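Trainee: Below: one structure in structure tokens.
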Amino acid sequence: MAYLPSQEKTVLKSPSLLATNVVLRNTYALLGLTLLFSGLVAWWAAASNAPSLGLIVTLVGVYGLMFLTQALRNSPWGLVSSFAFTGFMGYTLGPLLNFYIHNFTNGAELVGMAAGGTGIIFLCLSAYVLTTRKDFSYLGGFIFIGVMALLIAMIVGLFAHIAALQLIISAGFIVLSSALILYQTSAIIYGGERNYIMATITLYVSIYNLFVSLLAILGAFSGRR
């Protein structure tokens, strides 16, 4: 039987393609479950008027659970940690949602618009990468610089309460989160990310930041009670 070079390529690529499909499927399945769980926790926190945890406790909880998930990413406990992380993030949304609902004339509409906008952005960006199969690994440098710039801007914002700066920070998070979605989805396709738990956490954080940033921008142009 004749041996064709194309047959070798097919054989070599099949395991990689299979691994990619498995990571994609597991990532989106876990992402859907964690978003649902986070949304339920956020709803409960808002409905029960749960208090804000404060900046220090929030930062310790967020980064502590994130590092814990990173450490447990290759074990079943990584799943537990990922739900703990997203549940904690959902809790932090409760007081924020209450703030907008009770302090803006159209607070409920703002929350709905931010959620809808977040969903549209995520679906469009993910669909674009999955259909075009474009490699966005080149965004890594941009993302690193963006994180550093936003970190500096947030530190400045703690001491200088400038409304325009807050809008710039929110817009920056939207751009950075969008870049992260493109980068992470591309990394799964091209084998740069083989751990679906960490891929889920990255996408979840991007979606969370998209929602909060969109809500902040919409609120800036809406009427207060």
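Trainee: With a 1.4 Å probe and all protein chains in place, put Y28, Y63, Y138, Y100 in order of accessible area, largest first.
Mentor: Y138, Y63, Y28, Y100
Trainee: Hey, can you grab everything whose amide H is under 5 Å from the amide H of F104? Only 5+ residues off in sequence or another chain; H modelled, so Pro and N-termini drop out.
Mentor: Placed amide hydrogens put R225 under 5 Å from F104.
Trainee: With all protein chains present, calculate the accessible area of L68 using a 1.4 Å probe and round the result to the nearest 10 Å².
Mentor: Surface open to solvent at L68 totals about 80 Å².
Trainee: Would you mind working out the magnitude of the charge dipole of the chain relative to its Cα centre, with +1 at each Lys and Arg C-beta and -1 at each Asp and Glu C-beta, to the nearest 20 Debye?
Mentor: 180
Trainee: Okay, next question. Can you match Cα Rg over 2.2 N^0.38 Å to one of these, [x] 1.09; [y] 1.14; [z] 1.02, based on a calculation from the structure here?
Mentor: The value computed from this structure is option [y].
Trainee: Output the relative contact order of the chain, whole-number percent, from Cα pairs under 8 angstrom with separation of 6+ residues.
Mentor: 29
Trainee: Putting +1 on Lys and Arg Cβ atoms and -1 on Asp and Glu Cβ atoms, find which of N49, F99, G140 reaches farthest to the positive end of the dipole of the chain.
Mentor: G140
Trainee: If the elastic network links every pair of Cα atoms under 10 Å, which of A199, A84, A160 fluctuates the most in the Gaussian network model of the chain?
Mentor: So, out of A199, A84, A160, the one fluctuating most is A160.
Trainee: Skipping prolines and chain starts, which residues have an amide H placed within reach, meaning under 5 Å, of the one on E193, given they are 5 or more residues away or on another chain?
Mentor: Under 5 Å from the amide H of E193 lie the amide H atoms of I188, each far enough along the sequence or on another chain.
Trainee: Over the chain, average the accessible area per residue using a 1.4 Å probe and give it in Å², no decimals.
Mentor: Solvent-accessible surface per residue comes out at 55 Å².
Trainee: Moving on to the next point. How large is ³J(HN,Hα) for each residue in the range 88-101, as worked out from phi by the Karplus curve 6.51 cos²θ - 1.76 cosθ + 1.60 (θ = phi - 60°), to whole Hz, x for Gly and Pro?
Mentor: After applying 6.51 cos²θ - 1.76 cosθ + 1.60, I find 5, 4, x, 4, 5, 6, x, x, 5, 5, 4, 4, 6, 5 Hz.
Trainee: Share of the range 40-142's accessible area from carbon and sulfur, percent, 1.4 Å? The partial results should precede the final answer.
Mentor: Values: 4240 of 5690 Å².
Taking all protein chains in place, the range 40-142 shows 75 percent carbon and sulfur surface.
Trainee: Which whole-Hz couplings ³J(HN,Hα) result when phi for each residue of the range 186-198 is put into the Karplus expression 6.51 cos²θ - 1.76 cosθ + 1.60, θ = phi - 60°, listed in order with x for Gly and Pro?
Mentor: In residue order, the calculated couplings are 5, 5, 5, 5, 9, x, x, 9, 10, 10, 5, 5, 5 Hz.
Trainee: Moving to a separate point now. Give a residue-ordered list of calculated ³J(HN,Hα) values for the range 122-134 (Karplus: 6.51 cos²θ - 1.76 cosθ + 1.60, θ = phi - 60°; whole Hz; x for Gly, Pro).
Mentor: Ordered by residue, 3J(HN,Hα) equals 4, 5, 5, 5, 5, 4, 4, 5, 5, 8, 8, 6, 6 Hz.
Trainee: Still on this structure: With label points built 7 Å along Cα→Cβ from the Cα atoms of N21 and T105, find their separation and express it in nm.
Mentor: It is 5.4 nm.
Trainee: Given Cα pairs under 8 Å that are at least 6 residues apart, what percent is the relative contact order of the range 126-225?
Mentor: Averaging sequence separation for qualifying contacts and normalising by length gives 36 percent for the range 126-225.
Trainee: Work from the charge dipole of the chain (Cβ charges, +1 for Lys and Arg, -1 for Asp and Glu, about the Cα centre) and give the residue of V23, I181, L158 farthest towards its positive end.
Mentor: About the Cα centre, the residue reaching furthest to the positive side is V23.
Trainee: Further, regarding this structure: Is the shape of the range 83-168 best called rounded, prolate or oblate, per the rule: a/c under 1.5 gives rounded, else a/b larger than b/c gives prolate, else oblate, with a ≥ b ≥ c the square roots of the Cα gyration tensor eigenvalues? Numbers along the way, then the final one.
Mentor: Working: a/c = 1.91, a/b = 1.24, b/c = 1.54.
Taking the square roots of the gyration eigenvalues as a ≥ b ≥ c, the range 83-168 is oblate.
Trainee: Right, here's the next one. Just subtract the alpha-carbon distance of W77 and L55 from 0.36 nm times their residue separation and send over the number in nm, one decimal.
Mentor: Gain on stretching W77 to L55: 5.2 nm.
The values are calculated or read from the model by the stated rules, or taken from the named source; none is laboratory data. A quick note: this is a predicted structure, and the numbers were derived from the prediction, not measured. Glycine also receives a Cβ, built like all others from the backbone with ideal geometry; neighbour counts cover every protein chain displayed. With ligands, DNA and RNA removed, areas are computed over all heavy atoms of the protein, side chains included. Shrake-Rupley method; radii C 1.70, N 1.55, O 1.52, S 1.80 Å.
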